[in-house]
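Values in this text are rule-based calculations from the coordinates and carry no lab data. Note that the structure is a prediction, hence the values are computed from the model and not measured. Quick reminder, even Gly has a Cβ in these numbers, built from the backbone with ideal geometry, and neighbours come from all protein chains shown.
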Amino acid sequence: MSKRIHVVTNPAAGQPEPVLSILNSAFRPAGVEWDVSITHEFGDATRQARQAAEGGADIVAAYGGDGTVMEVANGLVGTEVALGILPGGTGNVLSIELDIPQTLEEAARLLASPDAEVRKVDVGQSGERSFLLRAYVGFDAQRIQLTTREMRDRYGKLAYLIAALKAISESEAMNYRLTLDDEDVECEGFTCIVQNAANMGVPGLSLVPNGSISDGLLDVIVIHGLDPLSVASALGNIADTPLDPDRFHHWQAREISIATDSPQPVIGDGEAWGETPIAMKVRPGAVRVIGPGTT
């Protein structure tokens, strides 16, 4: 029985390539039945994914960046239909987290392959909003807000560094009041990161090397400062040395609430979620994702 794959395509994705031709060359020889839909605005990908799942698709694939992938995942939460990832954005962090090939042709061949496997991954949730990667509060949220599509198209990943330098000049430390499951915590910091996926967009690069997108937990990190020593501690942790507790705090929890003395911006997987206070939780194994086999 042939696979039925529906591809949700973001035409504004960052990679200029003949998408339909590449997909056809991967799917047709494998006997895959496939079709596509095109997104025009936020919310289209979630709606199209849900409709494809209800219409009998075996796999709904997202072609675009991490924002498109998250929207498609939103439409598949609670279903048995698998998510396919076809990297086409600037960062493609989730595909790196899951060891998915980084070229469209190889990723499409993976979806068509009988050797591909399905992996259940966790989803972070805040009200009706979800995230697969991470949510940011404070400095990091401001940094992402300052990274415009025009900057990404012009500078690629360097755009995030340019925006970070601007955000540093506009940021100040604040008091965080956290509830982590049943524990109340208070600390000062410039930013709070709630991670579902550990990878930071480069293979092996992670603030929490032992973190997992399938462990049923969210990692909560508060960074005390934006000084060179804090950056050095982060780089040391990437090399598997412990985070300096004088510069970082790290916890794991299933349910989290975050409040700050003054309202701070919140970003979830690249989308603006408003301001603090905010509550989040993890939904273990809520999405099934196609990935490479273990053999």
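Points to keep in mind about this one:
- Spin-label model distance (nm) - Glu41 vs Ser113, 7 Å beyond Cα toward Cβ: 4.0 nm
- Each 10 Å bin from zero holds the following percent of Cα-Cα pairs in the range 52-120: 21, 57, 22, 0.
- Built from the Cα atoms of the range 1-142, the convex hull projects on average onto 8.7 nm², one quarter of its surface area.
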